[in-house]
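The values are calculated or read from the model by the stated rules, or taken from the named source; none is laboratory data. Small disclaimer: the values here were computed from a predicted structure and weren't measured. Virtual Cβ from ideal backbone geometry, glycine too; neighbours counted across all protein chains shown. These accessible areas exclude ligands, DNA and RNA; they are computed on the full protein's heavy atoms, side chains included. Shrake-Rupley method; radii C 1.70, N 1.55, O 1.52, S 1.80 Å.
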Amino acid sequence: MNLLLWIFTILFCLALTDFVTDRYPRLQNQIYHIAFMTTYILFTIKYYYGPDIVHYVPFYETIQQPKDILNGNYNGIFEIGYAFFCSVIKQIGISFWGMTAIISTIYFIAIYMLFKQIPKRKTFALLILVILDHILIFSTYRQCLAVSCFIFMVLSFWKKKILLSMIWCVISVTLHKSAIFISIPALLLLNITSIKVDRHIYSALILILIAMLAIPASDSASAIIRLLPLDNETIRSITHHLSLARNIQMIFIIYMLYMIAIVYYRSIRYTNTVTEKHFRWIILAGALIIVALYQYYYILNRIRSYLLPFLITYIFIIVNERKSILCGASANIRSAANIIRQTAILATLVYCVHFSISLYKSQKNLKGNVYATSTILELHNHSEEYLKKRQIRTAQIYWAYDFMHNNNNKIQQ
């Protein structure tokens, strides 16, 4: 198995213990910390890993000095915030692997701080996050940093540190262009407290999501993007991400069940409004983006990364909060709640297994197997230069022979 499959397998096994340790919260929490540290370590020891290193490695090795970037003389291909980050890191003598390890550490710190709010079954929540967002963690360094800063932005806002929240927002935007469409609108929405979000909005979104199974995907979204006041590079990037679309997707079941859970559990009266006050706009934005971009899975998987940790946290919180109230409810209400919760759990576990098997099968057909295990531990047997050349060559083969080749989901432009 490759590194990713080892992570999935270990997390899956540890997540199963969540369902037998509810009566032993201390043990469950200890297992979560073991799972979290194991996941963090395995992701962090990756060495020149993933397809994007063909761009990231040369960029890091030839990055300008911090003073040149600050003086306005930056001429690199990536966002200026990421460039300055890399420049500072390299200036103090840290290797490319050290830079990736720092990004991984920052991300997992952000997730750990957010997941503190989940009362139980955190390992299961971590499994869902890793399965759905593994590409962000192991490959897309700029966006991983931007997502981390977005999480810090929201957490700072919840603690009423508005200035700090604004600073995190600015940093996020400078790290990856996708943050412009998420961080700024989110910061504005977080300040709106007088408007309530009715659960019927989610019911309508569920109906629209179902309709997406039948509505044929088109290139209309790309046409709309071209009308926006964006630079050519950004338009090309977005259009490229919109070029892949699919109506029927396995993950549809997960989206549907979790949105049903949101509708049902929000309908249960609960006196503690802190959760709703904190999460309502972020959860609504996440649901809207999932429904609007459901067919365009390639770009959805990128945009979704900003909101997915909050969606997972929110669902785990409300299910636990309402559980005590359900004890005094009628048998029909309790039965419906149990069916929704258990079906969602079972479907999620099945999806995790299905995804892992699909990934294992797909990697066999890759000429450039960018998923093959490559860790810093290999330095015991090989030189850094050898490993770097090997991994970059593998990534080059992937881009040349594997990426988007023979893909029948591409929209005809």
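Here's how it looks for THR375: its modeled amide H is under 5 Å from those of TYR47, which are all 5 or more places away or on a different chain.
Among ALA344, ALA83, ALA214, the residue with the largest mean-square fluctuation in a Gaussian network model of the chain, with springs joining Cα atoms closer than 10 Å, is ALA214. Both the radius of gyration and Dmax for the range 32-79 are 16.1, 46 Å, in that order, over alpha-carbon atoms. Computed over the chain with a Gaussian network model linking Cα atoms closer than 10 Å, the most mobile of LYS120, LYS177, LYS367 is LYS367. Extending 7 Å from the Cα toward the beta-carbon at both SER203 and ILE102 defines two label points whose distance is 5.1 nm. Each principal axis of the Cα cloud of the range 331-375 was taken in turn, and the coordinate range along them, longest first, works out to 56, 22, 8 Å. Helix-only arithmetic for the chain: the sum of -39500 (n - 2.57) across DSSP H runs with n ≥ 4, divided by the residue total, places the mean residue ellipticity at 222 nm at -22000 deg cm²/dmol.
Remark: C-alpha extents of the chain on the principal axes read 66, 50, 47 Å, sorted largest to smallest.
Note the full-extension length gain between ALA372 and ILE41 as 0.36 nm times their separation in residues minus their Cα-Cα distance, in nm to one decimal.
117.5 nm
In order along the range 394-402, the phi-based Karplus estimate (6.51 cos²θ - 1.76 cosθ + 1.60, θ = phi - 60°) of 3J(HN,Hα) comes to 4, 5, 5, 5, 4, 5, 7, 10, 10 Hz; Gly and Pro are listed as x. For the pair THR62 and ILE180 in one chain, pulling the backbone fully straight at 0.36 nm per residue adds 39.8 nm over the alpha carbon distance. Protein-only accessible surface at a 1.4 angstrom probe places the residues HIS354, HIS176 in the order HIS354, HIS176, largest first. Selection among CYS352, PHE84, TYR386 by position relative to the dipole of the chain gives CYS352 as farthest towards the positive end (Cβ unit charges, Cα centre).
Under unit Cβ charges (Lys, Arg +1; Asp, Glu -1), what dipole magnitude, rounded to 20 debye, does the chain have relative to its Cα centre?
Computed about the Cα centre, the dipole is about 1020 debye.
If R0 equals 45 Å, the separation of the Cβ atoms of ASN381 and TYR74 corresponds to a calculated FRET efficiency of about 0.70.
Normalised by residue count, the range 59-125 yields a Cα convex hull volume of 111 Å³ per residue.
Give me the extension gain from VAL350 to LYS277: residue separation times 0.36 nm, minus the current Cα-Cα distance, reported in nm with one decimal.
23.0 nm
Under the convention that each Lys and Arg Cβ holds +1 and each Asp and Glu Cβ holds -1, the size of the dipole of the range 1-117 around its Cα centre is about 320 debye.
Dividing the mean sequence gap of close Cα pairs (under 8 Å, 6+ apart) by how many residues the range 1-132 holds gives a relative contact order of 42 percent. A Gaussian network model of the chain, with springs between Cα atoms under 10 Å, assigns the largest mean-square fluctuation among ILE182, ILE77, ILE69 to ILE77. Straight-distance candidates among the aspartates and glutamates for linking to LYS120, with alpha-carbon spacing under 20 Å and chain neighbours fewer than 8 residues away dropped: ASP18, ASP22, GLU276, GLU321.
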